[in-house]
1. Looking only at the stretch 8-43, which residues have a backbone nitrogen under 14 Å from a spot 7 Å from the Cα of W71 in the C-beta direction?
2. Quick one: Debye curve from the C-alpha atoms of the chain, no solvent, what's log10 I(q)/I(0) at q = 0.16, 0.20, 0.21, 0.23 Å⁻¹?
3. Sort I88, I50 so that the residue with the fewest other Cβ atoms within 10 Å of its own Cβ comes first and the one with the most comes last.
4. Tell me which trypsin sites (Lys or Arg not before Pro) from the stretch 1-30 have a DSSP coil assignment and no more than 13 other beta carbons within 10 Å of their own.
5. Once the piece of chain linking R36 and R17 is laid out straight, how much longer is it, given 0.36 nm per residue of separation minus the C-alpha distance between them?
6. Which shape class applies to the stretch 42-112: rounded if a/c is under 1.5, otherwise prolate when a/b exceeds b/c and oblate if not, where a ≥ b ≥ c are the square roots of the Cα gyration tensor eigenvalues?
7. Please list the non-local residues whose amide H lies under 5 Å from the amide H of R41, H modeled 1.01 Å from N, same-chain partners needing a gap of 5 or more.
8. Over all Cα pairs of the stretch 1-53, how is the pair count split among 5 Å bins, expressed in % and running from 0 up to the last occupied bin?
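Nothing in this text is a laboratory measurement; each read-out follows from the coordinates by a stated rule. Note that the coordinates shown come from a computational prediction; the quantities given were computed from them, not determined experimentally. Please note: Cβ atoms are built from the backbone with ideal geometry, for glycine as well, and neighbour counts cover all protein chains shown.
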Amino acid sequence: MRRQYRLRDKKRFQQVRRQGRSYKHRLMILVVLPNRLSHSRFGFSASKRIGNAVKRNRVRRLMREAVRLQWDDLATGQDAVLIARRPIAQATFHEIRAASEQLLAQAGLLTSGPNVAQQTENDLALS
């Protein structure tokens, strides 16, 4: 993921976590806050509860890759932080990717893809 798409400033990272809207999954939490940019930025967090430095770095890499694979389908103008939860240390990449896709769709950040089409059909059925 290119540097301009990463959330790196500590103050902005904390602001997103404090003021953003959060979405929860068993493996991770997504916190989203609008920005005034023409692109979205993402930050990834894994606390010491996840494990040692090797495990935390691996989890962050897997979360980053899951978001990168969905990059073309993401809405712009958002700052987002993905926070790892303890069960993610035992999860496979496919589970992490599915969880991130579910959270991004729930937050309205996915502009296309299978889950978005399914979610739109479900919304129409409920109307």
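1. What the label zone holds, given the 14 Å backbone N cut-off, is 39-43.
2. Log-scaled intensity ratios, in q order: -0.76, -1.17, -1.27, -1.47.
3. Numbers: I88 24, I50 20.
The most exposed by this proxy come first: I50, I88.
4. Details: sites: R2, R3, R6, R8, K10, K11, R12, R17, R18, R21, K24, R26; in loops: R2, R8, R26.
Of the trypsin sites (Lys or Arg not before Pro), the ones in loops of the stretch 1-30 whose Cβ has at most 13 other Cβ atoms within 10 Å are R2, R8, R26.
5. Values: separation 19, 0.36 × 19 = 6.84 nm, distance 1.71 nm.
Value of the extension gain: 5.1 nm.
6. Values: a/c = 2.26, a/b = 1.86, b/c = 1.21.
It comes out prolate by the Cα gyration axes.
7. Excluding prolines and chain starts, which carry no amide H, the hits are Q78, D79, A80.
8. In whole percents, the pair-distance histogram is 5, 15, 26, 25, 19, 8, 2, 0.
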